[in-house]
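K.L.:
If you scroll down you'll find the structure; I have some questions about it.
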Amino acid sequence: MPPSDIIIKGAREHNLCDVDLVLPRNQLICLTGVSGSGKSSLAFDTLYAEGQRRYVESLSTFARQFLGQMPKPDVDHISGLSPSISIAQKSAGSNPRSTVGTITEIYDFLRVLYARVGQGHCPRCNQAITAQSREQIIARIMAQPAKTKFVVLAPIVRQQKGEFRDLCEDLLKQGFVRARVDGETVQLTDDLALDRQMRHDIEVVVDRLANGPSIRSRLAEAVELGLKLGEGNLIVAPEEDSANPQATKSTKKRSGLRPGDIALSADYACNSCGISFQPPTPQLFSFNSPQGMCYECDGLGQMFSFDPEKLVTDSTKSLAKGCIELFGQWKDLGRWKRHIYKGVADTIERKRDLPAATLAETPWQELTAEQQHLWLWGTGDEHITYTWRGGKNSQKYGGTFEGLIPELLEKYRSAKSKSLIAKLEKFMNVIRCPDCNGQRLNPQSRSVRLTTTHEDFGANSGNGTSLTLPQVSALPIEEAEKFFSELTLDKTAKIVASEVLKEIRGRLGFLTNVGLDYLSLERTAPTLSGGETQRIRLAGQIGCGLVGVLYILDEPSIGLHPRDNDRLLSTLKHLRDQGNTVVVVEHDEDTMRAADQIIDFGPGPGVRGGEVVAVGDAAKVGRAKNSVTGAYLSGKRKIEVPTKRRIEDVRCKIEDVEDGEAEVENASSIAHQISHLPTLRVVGARHNNLKGVDIEIPLGAFVCLTGSSGSGKSSVFSDILVETLRRDLNGGKGMPGEHDCIEGIE
């Protein structure tokens with residue numbers, strides 16, 4: 001008996017009956033048998049549990065006190081046990097910040113790739129971001145209104161942990177006396193007492209000036225010194241931050257910048273707009289980092305806000321006539337509100353050459369999507385002119401318009417009355433973030449691109465196709481593989497990106513090999529099935545390249561279409577060929593026949609099981625008399641196809657995997673006989689990858705919806721039908737996917 005084998009003696013965990021086994025190392029072993037026969041008891045509760053216990057015991061006493069004492073499985077002896085990794089059937093978690101990209105760590109490599117070799121573009125004018133000269137920076141600063149008081153700051157520390165006592169002493173020796181620490185201006189001679197466990201932003205005050213023609217030479221010196229200290233970056237901030245303290249308090253601090261700050265860069269700026277940007281770093285492309293996340297939704301891509309579909313209660317009415325119930329008609333509003341809305345409408349109509357009263361009097365459904373968005377979400381930085389008329393006098397002033405939904409959100413946040421809160425929540429829902437359109441990142445991060453010349457992306461002209469990181473993350477993994485196969489990079493960029501691209505291409509290939517090429521990297525963890533989660537973890541383990549490990553898997557073929565079985569088995573064999581022992585708890589026939597050894601438990605479930613009834617390859621197990629599995633493998637027993645079916649049974653099959661188009665496949669005779677049955681009809685299903693699908697489901701029948709993985713089965717049943725019935729039939733809070741309607745609920 002080779003000493004390298006895993007030897008188990010006297011396993012009695014749960015219903016196991018003193019099982020003795022020898023598991024050959026570096027082989028694919030399939031544990032099978034009827035449900036409840038003891039497969040998982042041996043694999044997870046004995047083998048994996050003992051492997052974990054021994055690992056914990058190998059740690060120091062200090063580390064063990066945090067992990068706790070793990071109980072020893074009920075087994076007499078296990079030898080030859082390797083470090084164990086369990087890949088079980090379980091959910092990937094409910095954290096909406098976890099995606100396929102973050103779970104597999106592909107997104108981490110993408111962030112590095114885009115930060116190092118991506119081409120930045122201006123979010124405003126879409127021009128490429130290039131270097132900005134010092135003269136351009138000085139001109140940008142002096143373009144401020146005359147006599148404006150400002151401070152030139154050099155960013156020294158960005159989101160780093162520490163107390164920074166030595167840094168403050170060094171700055172004092174260089175002659176600097178003030179700095180802005182985490183948004184507050186302090187004296188460097190003060191005891192800052194920074195928390196070393198928190199991340200801080202420190203900007204040293206280079207000079208304080210008031211804008212005017214005479215400051216040019218002094219400003220040039222401040223800019224030169226600021227760019228030197230800030231490594232090509234500086235910040236121009238209003239000197240009197242107390243001028244608008246309320247705005248400062250209500251605005252979230254983002255990467256050290258405060259309201260009114262102007263970030264300038266000698267290396268990363270738009271020469272057309274004169275806007276400077278932060279130098280790209282991997283954190284800038286992380287939706288879990290304050291530097292990269294969308295400012296509105298905090299990197300979630302969605303937010304609990306007022307749903308336009310619920311908010312607009314009568315789209316045949318105009319805004320002035322009360323299409324939004326919560327606002328009512330303009331004539332019933334206060335004089336100040338009417339004045340604001342009239343100013344917004346007049347300004348937009350004038351700037352866009354629209355006829356008078358178009359935005360106020362046109363029915364809501366006839367307004368363009370852009371015009372509706374302006375009313376709901378505001379005009380951004382666009383200047384709005386308001387005219388206030390009081391008696392014989394009139395006064396004009398300017399400002400911005402935040403939008404109707406932000407106005408309602410402010411009312412909702414400040415509401416203290418439960419009845420008012422309940423009234424407002426009737427019009428609210430979890431909606432896609434209007435600022436980032438669900439892409440999670442801030443405007444600068446969403447404007448960095450990489451170019452591919454792969455022919456499938458329409459790049460036959462040679463110019464290539466440029467995609468941002470959110471756009472790449474939204475591609476199916478199969479398409480993402482093609483995108484990264486032929487990137488357009490110069491000689492230096494190829495050297496920088498070579499190792500990162502190797503990891504990205506390899507991990508995308510592993511996901512394809514386990515049959516997950518239909519997923520996208522932006523797919524969130526809560527939407528993944530248990531089988532998909534297991535295969536994602538399996539692909540991740542292959543990417544790790546570990547050797548000499550005992551992998552234990554729990555039915556990896558669950559939820560997998562038979563067409564993808566071969567790819568899954570080749571992945572398991574690849575894991576074995578790397579020098580690992582792979583133990584699979586499985587009922588799938590293809591897996592059993594591909595295994596190096598089958599161990600069949602039985603002969604029955606519970607107290608009638610817990611014994612090893614057959615060991616060997618498929619042919620040997622098929623000859624075992626007490627093996628139920630062997631009887632089916634050999635063909636002695638089989639599940640017969642019924643010669644006659646109930647006429648109510650209907651098979652629904654989604655045929656087109658890529659397009660998500662559904663087709664109900666019925667024999668004409670059966671269709672004729674069931675025509676009298678009541679049905680539920682899903683009309684225009686467009687959730688996820690569905691393309692306007694119509695599906696008719698007979699009631700009181702056994703209906704099977706099948707199709708390849710990712711073809712849209714769960715999108716129809718779980719995300720649309722179940723959620724709609726929960727909401728409309730049971731009066732619950734269901735949130736169905738996108739569709740037109742469901743007929744027959746009554």
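The values are calculated or read from the model by the stated rules, or taken from the named source; none is laboratory data. Note that the structure is predicted; figures quoted are calculated from it, not measured. Don't worry about glycine lacking a Cβ; one is built from the backbone with ideal geometry, like all the others, and counts go over all protein chains shown. With ligands, DNA and RNA removed, areas are computed over all heavy atoms of the protein, side chains included. Shrake-Rupley method; radii C 1.70, N 1.55, O 1.52, S 1.80 Å.
K.L.:
If I filter the range 548-562 for residues that are among the polar types (S, T, N, Q) and touching a Pro at 6+ places or on another chain (Cβ under 9 Å), do I get at least one hit?
P.N.:
Checked against the condition, which is being among the polar types (S, T, N, Q) and touching a Pro at 6+ places or on another chain (Cβ under 9 Å), the range 548-562 yields no hits at all.
K.L.:
Of everything in the range 580-636, what is under 25 Å from Gly559 (Cα atoms) and β-branched (Val, Ile, Thr)? Give them in sequence order.
P.N.:
Those that are under 25 Å from Gly559 (Cα atoms) and β-branched (Val, Ile, Thr): Thr581, Val582, Val583, Val584, Val585, Thr591, Ile598, Ile599, Val628, Thr629.
K.L.:
While we're on this one: If you check Ile552 against the conditions, is it in contact (Cβ under 8 Å) with a residue 24 or more places away in the chain, touching a strand residue (DSSP E or B) at 6+ places or on another chain (Cβ under 7 Å) and not polar (S, T, N, Q)?
P.N.:
The answer is yes for Ile552.
K.L.:
Can you name the residue in the range 41-78 that is open to solvent by 30 Å² or more (accessible area, probe 1.4 Å) and part of a strand (DSSP E or B) and is also nearest to Asp18 (Cα to Cα) among such residues?
P.N.:
Out of the qualifying residues, it is Asp76.
K.L.:
Residue by residue through the range 603-614, note down the ones that are assigned to a strand (DSSP E or B) and either on the phi > 0 side of the Ramachandran plot or free of Cβ contacts under 8 Å to residues at least 24 places away in the same chain (or both).
P.N.:
Passing the criteria: only Ala614.
K.L.:
Say whether the condition of being of a type in the set (Val, Ile, Thr), in a loop (DSSP other than H, G, I, E, B) and touching an Asp or Glu at 6+ places or on another chain (Cβ under 8 Å) is met by at least one residue in the range 310-332.
P.N.:
Scanning the range 310-332 turns up at least one residue that is of a type in the set (Val, Ile, Thr), in a loop (DSSP other than H, G, I, E, B) and touching an Asp or Glu at 6+ places or on another chain (Cβ under 8 Å).
K.L.:
To continue, here is another question. Based on what the data block shows, is Arg199 out of contact with any strand residue (DSSP E or B) (no Cβ under 6 Å at 6 or more places or on another chain) and surrounded by 13 or more Cβ atoms within 10 Å (Cβ to Cβ)?
P.N.:
When the stated conditions are applied, Arg199 does not pass them.
K.L.:
Next question. Scanning for something within 30 Å of Gly118 (Cα to Cα), in contact with a Cys (Cβ under 9 Å, 6 or more places away or on another chain) and open to solvent by 10 Å² or more (accessible area, probe 1.4 Å), does the range 354-366 turn up at least one residue?
P.N.:
Looking through the range 354-366, none of the residues is within 30 Å of Gly118 (Cα to Cα), in contact with a Cys (Cβ under 9 Å, 6 or more places away or on another chain) and open to solvent by 10 Å² or more (accessible area, probe 1.4 Å).
K.L.:
For the range 225-241, which residues satisfy the criterion of being of a type in the set (A, V, I, L, M) and assigned to a strand (DSSP E or B)?
P.N.:
Answer for the range 225-241, where residues must be of a type in the set (A, V, I, L, M) and assigned to a strand (DSSP E or B): Leu234, Ile235, Val236, Ala237.
K.L.:
Just to confirm my filter: which strands (runs of 3 or more DSSP E) fall fully inside the range 111-224 and include at least 1 residues that are without any contact (Cβ under 8 Å) to a residue 40 or more places away in the chain?
P.N.:
So the answer is 149-161, 178-181, 184-187.
K.L.:
Another one. Identify the residue in the range 342-353 that is open to solvent by 20 Å² or more (accessible area, probe 1.4 Å) and assigned to a helix (DSSP H, G or I) and, among all such residues, is nearest to Phe327 (Cα to Cα).
P.N.:
Per the stated criteria, the residue is Lys342.
K.L.:
Also, I was wondering about something else. Identify all residues within the range 719-740 that are open to solvent by 60 Å² or more (accessible area, probe 1.4 Å) and either acidic (Asp, Glu) or closer than 22 Å to Leu528 by Cβ (or both); write none if there are none.
P.N.:
Val722, Arg726, Asp728, Met735, Glu738, Asp740
K.L.:
Could you figure out which of (1) farther than 30 Å from Val448 by Cβ; (2) at pLDDT 90 or above isn't true of Ser286?
P.N.:
(1)
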